[in-house]
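Report on the structure given below.
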Amino acid sequence: MELITIKTPSTKGEIYIGKEAISKRLPCLTAGQKNFVLTDSNVYALYEDWFDAHFPQTEIFILPAGEENKNFQSLYAILEKMAGAGMRRTSRLFAVGGGVIGDIGGLAAALYMRGISYVQIPTTLLAQVDSSVGGKTAVDLGGIKNVVGAFYQPCEVLMDSTFLKTLPDKEIKCGLGEIVKYAALNGEIFDLLENRADDWKGLTFLESLITACVSHKARVVEMDEKESGERRSLNVGHTTGHAIELTSGLSHGESVLYGMLLETRMVMQAGVCEKTYGQRLLALVERAIALEPTAGMDFTAIEDSAEKARADKKNTDDDKIRMAVAKAKGQWTDFSLPFAEYVTALKNACK
Ligand code: NAD
Ligand code: GLY
């Protein structure tokens, strides 16, 4: 079992990675106070016995699965249930699921009685490599991703890759969306992917990627918890990715892959990203996209997506689109374009 710690000005969090993470840590974390579990309908259906064994006589809220439920109504229902079940300031929330459950569960924990302790038990690859770490919590509102939220760190994250055995290939591909993002920021993760000619889906390989991505993220979050500087790097591919997610019906990880594809082509054309490196990065993105055949993205609808990029949280000016983009191996940079130029560049990148 590996332990990675995150120390921020507000807190110290611990991330345990390995097959013993849950058996070793959960008994200590559940003892001594009232607990509340949040999960989604798919995870509960697959792991009902696991919940019975690990959370006997515990209030469990089962949210219908899907990004469309990461909203205020669900948040309200969770908080109402917590209050109805008599949760106190000393109570602890356990978010067991993918990024949707982690994001909304973390926000419920941040709000309930002005903040109670919570633990992330991520069950998707995307949540294990990225979303369960770093304390970003949120719900979507009014067609804007993650627009209501808080930075609120979990006390512990327990990662067990055994959960990935039931994950459909499409969700492995979504996790690879965030992993390729880390490859754009970290030369060692880039080499891990590039040197592995086949089978990106093997569990042992994924475990090494989880540790590498979490280590990278932990250091970035320690440097810049509230995203005023270095943490912006973790949004590579995300400005266009979120815009695609909101208009295409594709899931978050798939949209990030297309966001990386288009933004990398865009910055190569603009001379911001070094060409040979950009081509190698694009090859990784394309390999991840090809891992699981889906309908993919409708490039003819790109103007609708571009409009959504206008509302992105990272923009400071109504008419400028601000992106974090890949520059060279292990290097990123800020890149802004006036909206009209962004639309033109995006359309060119689709060709
Ligand atoms: P998700 O939570 O919707 O999970 C994807 C699907 O996998 C769901 O249908 C879920 O029920 C199912 N599932 C979960 N665990 C499973 C398992 N072990 N076996 C089989 N099926 C399983 O989506 P996600 O891809 O995990 O996360 C995406 C969300 O994370 C988005 O809302 C995104 O905005 C957010 N996110 C947050 C951060 C952050 O830093 N907070 C970072 C990246 C993404
Ligand atoms: N996933 C982006 C971040 O945590 O900052």
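Counting only residues that are acidic (Asp, Glu) and in contact (Cβ under 8 Å) with a residue 12 or more places away in the chain, which one in the range 165-208 is surrounded by the most Cβ atoms within 10 Å (Cβ to Cβ)?
It comes out as GLU178.
Look through GLY106, GLY135 and report the one residue that is near ligand 1 (Cβ under 9 Å from one of its atoms) and closer than 20 Å to ARG219 by Cα.
That would be GLY135, the only listed residue that is near ligand 1 (Cβ under 9 Å from one of its atoms) and closer than 20 Å to ARG219 by Cα.
Restricting to the range 1-46, and then to whatever is more than 21 Å from the chain's Cα centre (by Cα) and among the basic types (Lys, Arg), can you tell me which residue is farthest from SER117 (Cα to Cα)?
Per the stated criteria, the residue is LYS19.
Identify all residues within the range 24-41 that are in contact (Cβ under 8 Å) with a residue 40 or more places away in the chain, polar (S, T, N, Q) and within 16 Å of ligand 1 (Cβ to nearest atom); write none if there are none.
Hit for the range 24-41 is THR39, nothing else.
Please work out which residue is surrounded by the most Cβ atoms within 10 Å (Cβ to Cβ), limiting yourself to the range 209-223 and to residues that are closer than 17 Å to GLY330 by Cα and of a type in the set (D, E, K, R).
That would be LYS217.
If I filter the range 72-84 for residues that are on the phi > 0 side of the Ramachandran plot and not acidic (Asp, Glu), do I get at least one hit?
No, the conditions are met nowhere in the range 72-84.
No lab work stands behind these numbers, since they all come straight from the coordinates. Keep in mind it's a predicted model, so treat the numbers as computed, not measured. Heads up, the Cβs are rebuilt from the backbone with ideal geometry, glycines too, and the neighbour counts pull from every protein chain shown.
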